[in-house]
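Okay, structure first, notes after.
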Amino acid sequence: MTATIIDGKTIGQNLRARIAEETAALSQQHGIVPGLAVVLVGTDPASEVYVRTKSKAVTDAGMRSFDHKLPKETSQAELLALVQKLNADPTVHGILVQLPLPSQIDSSVILNAIDPGKDVDGFHPMNAGRLATGLPALVPCTPFGCVLLAKTVHTSLAGMDAVVIGRSNIVGKPLAQLLLGENATVTVAHSKTRNLPEVCRRADLLFAAVGRPEMVRGDWIRPGATVIDVGINRVPGEGGKTRLVGDVAFEEARAVAGAITPVPGGVGPMTIACVILNTLRAACARAGLPEPKIS
Ligand code: NAD
């Protein structure tokens with residue numbers, strides 16, 4: 001068997017096109033243009049690329065993008081003051097503070113200061129609690145994208161055995177909560193899990209969010225399973241260059257799985273699409289309008 005490739009790039013582009021349509025309708029019917037403020041402290045090259053990609057996706061969708069680049073010496077008090085200003089700005093519907101932050105700043109203090117209604121990353125404890133208790137919430141973009149990708153393969157995830165490898169607050173835990181919300185039977189595996197290959201072999205849906213290049217081997221995968229690879233790892237490539245690989249050994253896995261996401265071109269583009277989807281959702285909620293009918 002050769003797995004179907006889940007083309008996150010195309011699925012993400014289609015999602016962004018639908019978001020752009022809804023954004024145009026929101027602006028025409030209600031005079032609201034969703035705005036996303038992205039805050040970057042310092043000059044980490046990977047973060048700069050990511051922020052540029054996000055800003056372009058925002059403007060492509062017909063939204064406003066407000067970029068705030070601060071020097072790496074910025075104090076916690078200065079960053080807090082900016083977050084408070086953005087919280088109070090009615091043209092800003094979503095706020096993203098790019099992580100990691102420099103060591104003089106406690107990221108949890110900053111993330112907890114973001115208005116939960118503008119928290120398009122879904123990292124605020126209020127949104128994490130709402131997600132965990134099944135209330136409407138802004139949910140973290142990467143897990144949101146993972147579930148949307150799984151649902152392009154299976155119209156319903158109800159009753160499926162889902163295994164999530166990784167228990168971070170950013171990916172693993174919210175992904176497990178979202179899958180529970182879809183009525184999947186969820187196992188969360190992590191660095192202390194015993195017999196990880198055996199646990200993975202139970203999965204109809206396998207999500208890898210570890211950060212270890214090609215850790216998940218072909219024989220860890222149940223034949224026909226759907227594999228969503230969240231990992232982004234840079235490894236040495238040919239001619240002294242580097243290349244990106246996921247947490248799953250792709251070639252081995254595609255020979256066994258029913259469907260699989262590539263890296264790059266799988267989960268990554270969906271994360272960006274979900275950032276703008278959350279910005280649209282936040283703008284609608286702020287105006288007391290119903291959830292946009294997308295996805
Ligand atoms: P993290 O380091 O916060 O968490 C990693 C998790 O993996 C931990 O919960 C840990 O328990 C688990 N783990 C570590 N070693 C393990 C092992 N040997 N066996 C089983 N579990 C193990 O990482 P994160 O922020 O959750 O990110 C995970 C990966 O996803 C990284 O590669 C990151 O770059 C990638 N990522 C991708 C996107 C995207 O948009 N595609 C977004 C966020 C993160």
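Here are a few things to note about the model shown:
- Scanning region 243-263 for residues that are hydrophobic (A, V, I, L, M, F, W, C), open to solvent by 40 Å² or more (accessible area, probe 1.4 Å) and outside any loop (DSSP other than H, G, I, E, B) turns up L244, F250.
- Any hit, region 77-96, residues being within 16 Å of the ligand (Cβ to nearest atom) and touching a strand residue (DSSP E or B) at 6+ places or on another chain (Cβ under 9 Å): yes
- Top-ranked residue in region 210-242 [being of a type in the set (S, T, N, Q) and away from the ligand (no atom under 12 Å from the Cβ); ranked as surrounded by the most Cβ atoms within 10 Å (Cβ to Cβ)]: T226
- Residue list for region 116-126, restricted to those being open to solvent by less than 40 Å² (accessible area, probe 1.4 Å) and in a loop (DSSP other than H, G, I, E, B): D119, V120, D121, G122, H124
- Single condition H154 does not satisfy, out of (1) within 14 Å of the chain's Cα centre (by Cα); (2) touching a residue at least 60 places away in the same chain (Cβ under 8 Å); (3) under 15 Å from F207 (Cβ atoms): (1)
- Search result, residues across region 88-108 that are exposed (fewer than 14 other Cβ atoms within 10 Å of the Cβ) and within 23 Å of T43 (Cα to Cα): P100, S103, Q104, D106, S108
- Test: residue in region 60-75 that is within 15 Å of the ligand (Cβ to nearest atom) and either basic (K, R) or farther than 18 Å from L36 by Cα (or both): no
- Restricting region 37-62 to residues that are of a type in the set (S, T, N, Q) and either touching a Cys at 6+ places or on another chain (Cβ under 7 Å) or open to solvent by 40 Å² or more (accessible area, probe 1.4 Å) (or both), the residue that is farthest from I272 (Cα to Cα) is T43.
- Test: residue in region 64-74 that is in contact with a helix residue (DSSP H, G or I) (Cβ under 7 Å, 6 or more places away or on another chain) and open to solvent by 70 Å² or more (accessible area, probe 1.4 Å): yes
- Test result for I170, of a type in the set (V, I, T), within 9 Å of the ligand (Cβ to nearest atom) and open to solvent by less than 50 Å² (accessible area, probe 1.4 Å): no
- In region 128-156, the residues that are assigned to a helix (DSSP H, G or I), within 13 Å of the ligand (Cβ to nearest atom) and under 11 Å from L178 (Cβ atoms): T142, P143, F144, G145, C146, L148
- Of all residues in region 264-282 being more than 8 Å from the ligand (Cβ to nearest atom) and assigned to a loop (DSSP other than H, G, I, E, B), the one that is least open to solvent (accessible area, probe 1.4 Å): G265
- Subset of region 13-36 [polar (S, T, N, Q) and open to solvent by less than 60 Å² (accessible area, probe 1.4 Å)]: T23, S27
- Test: residue in region 179-189 that is within 14 Å of the ligand (Cβ to nearest atom) and among the charged types (D, E, K, R): no
- Every condition in (1) surrounded by fewer than 20 Cβ atoms within 10 Å (Cβ to Cβ); (2) of a type in the set (V, I, T); (3) within 19 Å of R286 (Cβ to Cβ) is met by V83 except one, and the failing one is (1).
- Whichever residue in region 199-209 is within 13 Å of the ligand (Cβ to nearest atom) and out of contact with any Phe, Trp or Tyr (no Cβ under 6 Å at 6 or more places or on another chain) and, among such residues, is nearest to T2 (Cα to Cα): L206
The values are calculated or read from the model by the stated rules, or taken from the named source; none is laboratory data. The shown structure was predicted, so the numbers you read here are calculated from the model rather than taken from an experiment. Reconstructed Cβ throughout: ideal geometry from the backbone, glycine too, with neighbour counts over all protein chains shown. These accessible areas exclude ligands, DNA and RNA; they are computed on the full protein's heavy atoms, side chains included. Shrake-Rupley method; radii C 1.70, N 1.55, O 1.52, S 1.80 Å.
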